[in-house]
Amino acid sequence: MATKRATRKRVTTPKSAKRPSARKAATATKNGALGEYNRKRDFTLTREPAGRVPATRTKALRFVIQKHAASHLHYDVRLELDGVMKSWAVPKGPSLDPSMRRLAMEVEDHPIAYNTFEGTIPAGEYGGGTVMLWDRGTYEAEDGGGVTSLREGYRRGDVKFILHGKRLHGSWVLVRMKRPGRPQWLLIKHRDEYADSKRDVTEDIRTSVATKRTMEEIAAGRRVWRSNR
Ligand code: MN
C-alpha cells in the first residue's frame, strides 16, 4: 500500500503536461462524497479521473477489480453503491476457495469513472504504479433486496452479493472485522457452482479484461490489443 503523503508541495507543471480535464478537476469537491479520494491526488500529475458523483441511475450496479502494482501488489475490489465505488484493497486478491478468507482493507470511495482506468500512476504520486482492469461486470444483493439490502449490509459490515463478471461469478461475502482503525474486512467466496478450491484464479488470469495486456505491457504503455492469445 502506498503511504499517504504528509505534505503536498505544489509543483509547477509544464503547460504541455496539463490536460483539459486537469483544470476541471480543480473544482472537484475535496469534502463530502469522494473528498478523501480527491484530496489524495493531484490531477495535474495523474491520469486517474477526478472524483465526481453522477446523478442517480437505475441500471444494474457495476463492480470492477483492478490489479495494482503499487509499493505492494494488491487487487482493488470496487462495488458501486450510491453513486460511488466502495473500495477495498485485497493484498492476495480474490480466491475461489470458500475456505480462504482474504484480507480486504477498506480504502476511500472511488468515482465511478475510475472503472475504466487502466494505466500507470506516476511514481511518487498516491498509489504510484501500474493498474490493470482485472475483472468487471455487474453485481447484485444475494438476497434480492437490491440497493437497500446492500446499503444495510455495508452499514452492518456484512455484504452478501453475486458477481456477474467476465472472470468472477457467483456468491461472495465481505465481512467487517471488529478492530480499531481503518476498517478491515474479509472477502470470502460462498459455496456454489463457481467455487473452486483447486484453481488459483489470480495466478491463472494475468491479463487485462479490457485490453488483454499484461502488467508489463501496461507499464510499457503498449496500447495494441493482443489478438494472438
Ligand atoms: Mn490500489
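Determine, yes or no, whether Ile112 is touching a Gly at 6+ places or on another chain (Cβ under 6 Å) and hydrophobic (A, V, I, L, M, F, W, C). No; evaluated as a whole, the condition is false for this residue. With respect to the conditions (1) among the β-branched types (Val, Ile, Thr); (2) near the ligand (Cβ under 10 Å from one of its atoms); (3) within 21 Å of Gly170 (Cα to Cα), Val64 lacks only one, and its number is (2). When you look at Thr138, is it away from the ligand (no atom under 12 Å from the Cβ) and in contact with a strand residue (DSSP E or B) (Cβ under 9 Å, 6 or more places away or on another chain), yes or no? Yes.
Taking region 80-96 only, how many residues are more than 15 Å from the ligand (Cβ to nearest atom) and either surrounded by fewer than 17 Cβ atoms within 10 Å (Cβ to Cβ) or assigned to a strand (DSSP E or B) (or both)? Reasoning before the result, please.
At the first step, the residues of region 80-96 found to be more than 15 Å from the ligand (Cβ to nearest atom) are 80-84, 95-96.
Remaining after also requiring either surrounded by fewer than 17 Cβ atoms within 10 Å (Cβ to Cβ) or assigned to a strand (DSSP E or B) (or both): 80-84.
Count: 5.
Which of the residues belonging to region 157-185 are closer than 23 Å to Val209 by Cα and touching a Gly at 6+ places or on another chain (Cβ under 7 Å)? Ile162, Leu163, His164, Gly165, Lys166 - these are the residues of region 157-185 that are closer than 23 Å to Val209 by Cα and touching a Gly at 6+ places or on another chain (Cβ under 7 Å). The set of residues in region 97-135 being under 25 Å from Arg47 (Cα atoms), away from the ligand (no atom under 14 Å from the Cβ) and surrounded by fewer than 18 Cβ atoms within 10 Å (Cβ to Cβ) consists of Ala113, Thr116, Pro122, Ala123, Gly124.
Can you pull out the strands (runs of 3 or more DSSP E) entirely within region 134-210 that have at least 1 residues that are of a type outside the set (Ser, Thr, Tyr) and touching a helix residue (DSSP H, G or I) at 6+ places or on another chain (Cβ under 7 Å)? Can you show your working first?
On the way: elements: 158-165, 169-176, 184-189.
Filter on region 134-210 gives 158-165.
Only the coordinates and a few stated rules stand behind these numbers; no lab work does. Please read all numbers here as calculations on a predicted model, not as lab measurements. In this analysis, Cβ positions are derived from the backbone assuming ideal geometry, glycine residues included, and neighbour counts consider all displayed protein chains.
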